[in-house]
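The values are calculated or read from the model by the stated rules, or taken from the named source; none is laboratory data. What you see is a predicted model; the values in this text were computed from it and never measured. Here the Cβ positions follow ideal geometry from the backbone for every residue, glycine too, while neighbour counts run over all protein chains shown.
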Amino acid sequence: MDHIPPASLFFLAALLLFPPCSAESSGIDRRALVQRHNPTIRTMDRLSPLSVGNGQLAFTVGITGLQTFTESYARGIPLCTLSYWGWHTVPNREGYRLEDAMKYYDTYGRPVGYASVTGTPAANWLRGNPHRLHLGRIGFILKREDGSEVVVEDVAHAAQTLDLWTGRVTSDFEIEGQPVHVETACHGSLDAIGVRVVSPLVESGRLAVRFAFPYGSQAWGLSAADWTHPDRHETAVVNRGKRYVLLKRVLDADTYYVRVAWTGDGHFVETAKHTFVLAPTGEGDFAFTCAFGKNPLSGALPTAAEVRASAAAHWRTYWTEGGVIDLSGSTDPRARELERRIVLSQYLVGINSAGGRPTPETGLTCNSWYGKPHLEMHWWHGVHFALWGHPGLLEESLPWYQSILPMARATAAFQGYKGARWPKMVGPDGREGPSGIAVFLIWQQPHPIYYAELLYRLHPDRETLEKYREIVFESAAFMASYAHWDEISGRYVLGPPLIPAQERFAPEKTVNPAFELAYWPYGLEIAQQWRERLGLPREAQWDRVLQHISPMPEKDGLYVNAESAPDTFGTAGPRKDHPAMLMAYGMIPGPKVDPGVMRATLKRVLKTWDWASTWGWDFPMIAMAAARVGEPALAIDALMMDVQKNTYLKNGHNYQHDGLPLYLPGNGALLTAVAMMAAGWDGAPSISAPGFPQDGTWTVRWEGLGRLP
């Protein structure tokens, strides 16, 4: 074979992942596409706060453009200020260790420890620490003419819009007939917000800004703040000038800084412990900037106008360099809503999922599971970036896997396995949290292999191979070691103990779940290809597992949840939670999947599943499976299914229930599915938008999208 120069290899790889645009794709007005879905809020809606951010910091605001009436949002999506770096740990005075939550399970004749004990003081501390920290509440103090403080019912004629193209929230409202105009934005690269206020209330002294700072919360809930323990932390003014102040925040062993700067005259005073008020004394046009950082913030802050300009440049780059899908020419009545969900999801992942580590399920908008990411969900949080022309945003999170590799290796070794066992619910330090479910999951194990392969398809060079070889090989080493050789049946099996992606089965009894049986050989074969690309021999043990791993379990011509739970579609079958068998031909091109059996399984799932028990990413995942088996109409039906867990709010968040009012894996899965349906997948039909119906009701124009493996 003739030598192919590296530049040509890169071009071929780019064509593979980013094929030419559809025939109808020319001339998309990206700005018009994005801005026609700008959300507008006209009433106080607890589920519709809007956020500004840059991937490192998110600032979520209510109807006034700041975090003013926080109590009104407490039972919906709370108004938080969160960053990817802002964590807090309550002192571990009892010296709790993960071993204090350990329970041992028989694993083919040997005891293996899992941190599955919950409900004890040790487990509670280990689960709740570290936790993501609400960096500070910034809201208005608004006064009536009689001097009393305004309540939310006094806000009249509200009109609030998020301009997605520029990342700016504009809020207009009236207090006793007096207009207030507010512009809120987040700097594109600094963890700083800029706010401009125009109102006669400024000059009359009836408007001020309150800054309040909480303690960290060990609770599972959404707020990320504990306002009940003011004596456990400190807020001190360490520097001030005529128009700025620098605050130092100390919470136990954690420290960060807050710098506020303003234009015009004003007073910044402490009114209570951890509470400060900035009261402007000039005319009716007032602006301030507030920045947060782990280190002291020196030098002048950008003005609010400069923050708005930076935000506009940041988002213009994001929208113009990434992929887009325009469905405006479609006649299917669902097209407009699908396009809205796509655009708003692009914005939300740009704020919440673009930091330097895997993302929690509620991102930087509020907390869930203590603000900790779940690594099995990182697939949905990150893969779409590679498909939508932002591969660097996926790549930014991969060094974190390398940083926790020693801990992942130690976990595998402790359990008697080779390689690295990646945790599920995990803090920034890499330590997993005790759980009766999370510690038994394994479907996150091949994920780093998948991510590395996606990036290699874009950059098929030795540098990429060397950069990620360690996490690829260590992931594969664990997978091959974890598979158990069953002498009686002459095959490798997975589990027990194990809990599959469909989290409905006892770990002690579960054997050979369907998706994991497909993902194991898929990941191991990619790892072997990486060895060959590096000039290394194939690992004999990996090949042995590849050749002898158990087939996906079937019954009555359908794929079932697990070999140990074959009655999926029987009268008592657990048709709840994730229909994970479909993942084997949705998320991945399962190497041993029979498309006919998968098609029949898909149709049975659509007829019989308990949708109330599912999660937001299930619907796009089902759509991906439908696309692969040649059922594009069913793919659209799945994407647009009218059930609660598939609700997308005015602000674009994927609502699950009041305890989890937003769920970013749903947004990321939606973006992954529609990119696949538009740009195709390896082996897809050579037609435009192969995952969309070809009956003339859908006109799919797209640019800059990548092909799914």
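Listed values, structure above:
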quantity: Some residue of segment 470-485 being more than 29 Å from residue 85 (Cα to Cα), β-branched (Val, Ile, Thr) and under 26 Å from the mean Cα position of the chain (by Cα); calculated: no
quantity: Unmet criterion (only one of (1) at positive phi; (2) touching a helix residue (DSSP H, G or I) at 6+ places or on another chain (Cβ under 7 Å)) for residue 512; calculated: (2)
quantity: In segment 154-179, the residues that are part of a strand (DSSP E or B), farther than 20 Å from residue 307 by Cα and in contact with a helix residue (DSSP H, G or I) (Cβ under 8 Å, 6 or more places away or on another chain); calculated: 175, 178, 179
quantity: Candidate set from segment 248-305 (those that are among the β-branched types (Val, Ile, Thr) and under 29 Å from the mean Cα position of the chain (by Cα)); member that is nearest to residue 196 (Cα to Cα); calculated: 289
quantity: Complete set of residues in segment 1-53 that are at pLDDT 95 or above, outside any loop (DSSP other than H, G, I, E, B) and more than 26 Å from the chain's Cα centre (by Cα); calculated: 32
quantity: Close pairs (9 angstrom Cβ cut-off, 6 or more residues apart or separate chains): free of Cβ contacts under 8 Å to residues at least 12 places away in the same chain in segment 666-682, assigned to a helix (DSSP H, G or I) and crowded, with 24+ Cβ neighbours inside 10 Å anywhere; calculated: none
quantity: Residue within segment 222-238 that is surrounded by fewer than 22 Cβ atoms within 10 Å (Cβ to Cβ), free of Cβ contacts under 8 Å to residues at least 40 places away in the same chain and of a type in the set (Gly, Ala, Ser) present; calculated: yes
quantity: Given (1) over 20 Å from residue 668 (Cα atoms); (2) touching a Leu at 6+ places or on another chain (Cβ under 8 Å), index of the condition residue 417 fails; calculated: (2)
quantity: Residue selected from segment 372-402 under the condition under 18 Å from residue 444 (Cβ atoms) and among the small types (Gly, Ala, Ser), by the criterion surrounded by the most Cβ atoms within 10 Å (Cβ to Cβ); calculated: 382
quantity: Some residue of segment 81-103 being without any contact (Cβ under 8 Å) to a residue 12 or more places away in the chain and in contact with a strand residue (DSSP E or B) (Cβ under 7 Å, 6 or more places away or on another chain); calculated: no
quantity: Inter-residue pairs, beta-carbon under 6 Å, first of a type in the set (Val, Ile, Thr) and in segment 514-538, second part of a helix (DSSP H, G or I), 6+ apart; calculated: 526/449; 526/453
quantity: Filter result (buried (at least 18 other Cβ atoms within 10 Å of the Cβ) and free of Cβ contacts under 8 Å to residues at least 60 places away in the same chain) within segment 496-509; calculated: 498
quantity: Residue in segment 344-363 that is crowded, with 23+ Cβ neighbours inside 10 Å, in contact with a helix residue (DSSP H, G or I) (Cβ under 9 Å, 6 or more places away or on another chain), of a type in the set (D, E, K, R) and under 29 Å from residue 637 (Cα atoms) present; calculated: yes
quantity: Filtered residue count, segment 181-235, keeping only those that are small (Gly, Ala, Ser), touching a helix residue (DSSP H, G or I) at 6+ places or on another chain (Cβ under 8 Å) and either closer than 22 Å to residue 149 by Cβ or part of a strand (DSSP E or B) (or both); calculated: 3
quantity: Residues of segment 25-60 satisfying the condition of being buried (at least 20 other Cβ atoms within 10 Å of the Cβ) and in contact with a Pro (Cβ under 7 Å, 6 or more places away or on another chain); calculated: 50, 60
quantity: Residues of segment 575-590 satisfying the condition of being in contact with a strand residue (DSSP E or B) (Cβ under 8 Å, 6 or more places away or on another chain) and either surrounded by fewer than 24 Cβ atoms within 10 Å (Cβ to Cβ) or farther than 21 Å from residue 677 by Cα (or both); calculated: 589
quantity: Strands (runs of 3 or more DSSP E) enclosed by segment 56-146 - at least 2 residues per element that are within 23 Å of residue 361 (Cα to Cα); calculated: 57-61, 81-83
quantity: Residues satisfying the stated conditions in segment 552-574, i.e. surrounded by fewer than 21 Cβ atoms within 10 Å (Cβ to Cβ) and assigned to a loop (DSSP other than H, G, I, E, B); calculated: 556, 557, 564, 566, 567, 569, 570, 571, 572, 573, 574
quantity: Of the criteria (1) in a helix (DSSP H, G or I); (2) in contact with a helix residue (DSSP H, G or I) (Cβ under 6 Å, 6 or more places away or on another chain); (3) in contact (Cβ under 8 Å) with a residue 60 or more places away in the chain; (4) under 17 Å from residue 442 (Cα atoms), which one residue 475 fails; calculated: (3)
quantity: Residues being farther than 22 Å from residue 164 by Cα and either among the charged types (D, E, K, R) or modelled with pLDDT under 95 (or both) - total across segment 326-345; calculated: 1
quantity: Residue within segment 385-406 that is touching a residue at least 40 places away in the same chain (Cβ under 8 Å) and within 19 Å of residue 648 (Cα to Cα) present; calculated: no
quantity: Every residue from segment 269-316 that is in a strand (DSSP E or B), free of Cβ contacts under 8 Å to residues at least 12 places away in the same chain and small (Gly, Ala, Ser); calculated: 272
quantity: Answer residue from segment 591-623, given it is touching a residue at least 60 places away in the same chain (Cβ under 8 Å) and farther than 17 Å from residue 557 by Cα and is surrounded by the most Cβ atoms within 10 Å (Cβ to Cβ) among those; calculated: 623
quantity: Residue among 376, 453 that is more than 19 Å from the chain's Cα centre (by Cα) and within 24 Å of residue 590 (Cβ to Cβ); calculated: 453
